[in-house]
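For reference, the structure discussed in these notes is given below.
The values are calculated or read from the model by the stated rules, or taken from the named source; none is laboratory data. A quick note: this is a predicted structure, and the numbers were derived from the prediction, not measured. Here the Cβ is made from the backbone with ideal geometry for all residues, glycine too, and neighbour counts use every protein chain on show. Protein only, heavy atoms only, side chains kept; ligands, DNA and RNA dropped before computing areas. Shrake-Rupley method; radii C 1.70, N 1.55, O 1.52, S 1.80 Å.
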Amino acid sequence: MASKASKTVWAALRRPTFLLTSWPWRAVAYLLSSTPVGVLGLIAVVTAVAVGGALAIVVVGVPLLMAAFLSGVPMGAIERRRLCLLDRRAARTPHGEPDRPGLREWCWTRFREPASWRELAYTLLFVTVLWPLDLLAVVFAFTVPVGLMATPYMLAAYGHGESVMALKQWLVTSYPEAWAMAALGLVLLPAAAYALTVVAGFRAYWARTFLT
């Protein structure tokens, strides 16, 4: 099958059977899974910075501030794992092994690595900007075609067969117009699948480049 033969989402997009494979769903899953990861990451970072900053004067907060910095490390690991939804190639870790065992040596190694700073920058961007954009892309892509496809139902249920606003933008005053809107929505649905996959593909490509 194409979904098994294609190793990346870009290769899958070039196949005529793309819409019949799992790749469109994988792209949607990649974008939607950003939300729980981003929300939990935002809560963790804000909590660590707020509590750590408040307690830094009594030294207790210093480990929390260090944890806030190192939050990019697990976030980077999670993001590299999520890449498998759109790219079957392994996403290697950019981190090296500490010279000696122990938590202190591990932390010191991570603080010295440029990869840790890149992961921190990615984490801050991800928890504040990227996951809302991912969610917005999915909502917009499906709201338009599904809303248009629902026009005949909206005309019957809420417009009493007389008039209704399709997507709150276009006035529909007859069933032929309503079914035309529904047909347009049906045409736009596969277009939305392609568009979302392209968006997800660029997101994954950027994340792979930045985090590996």
Residue satisfying all of: in the range 113-135; of a type in the set (Phe, Trp, Tyr) and under 12 Å from the mean Cα position of the chain (by Cα); most open to solvent (accessible area, probe 1.4 Å) among these:
Trp131
Take the conditions touching a His at 6+ places or on another chain (Cβ under 9 Å) and either of a type in the set (Val, Ile, Thr) or surrounded by fewer than 19 Cβ atoms within 10 Å (Cβ to Cβ) (or both) and apply them to Glu177. Does it pass?
no
Hey, could you check the range 187-212 for residues that are open to solvent by 10 Å² or more (accessible area, probe 1.4 Å) and not hydrophobic (A, V, I, L, M, F, W, C) and say which is farthest from Trp117 (Cα to Cα)?
Pro190
Among the residues of the range 144-158, is there at least one that is part of a loop (DSSP other than H, G, I, E, B) and either over 24 Å from Pro36 (Cβ atoms) or over 29 Å from the mean Cα position of the chain (by Cα) (or both)?
yes
Look at the range 159-194 and say how many of its residues are in contact with a Ser or Thr (Cβ under 6 Å, 6 or more places away or on another chain), within 29 Å of Asp134 (Cα to Cα) and part of a helix (DSSP H, G or I).
2
Looking at Trp25, Trp10, which is the one that is surrounded by 16 or more Cβ atoms within 10 Å (Cβ to Cβ), modelled with pLDDT of 90 or more and farther than 20 Å from Trp117 by Cα?
Trp10
Could you please let me know if Arg82 is among the charged types (D, E, K, R), modelled with pLDDT under 90 and either closer than 24 Å to Val138 by Cα or open to solvent by 50 Å² or more (accessible area, probe 1.4 Å) (or both)?
no
Given (1) open to solvent by less than 30 Å² (accessible area, probe 1.4 Å); (2) farther than 30 Å from Ala11 by Cα, Val138 misses just (2)
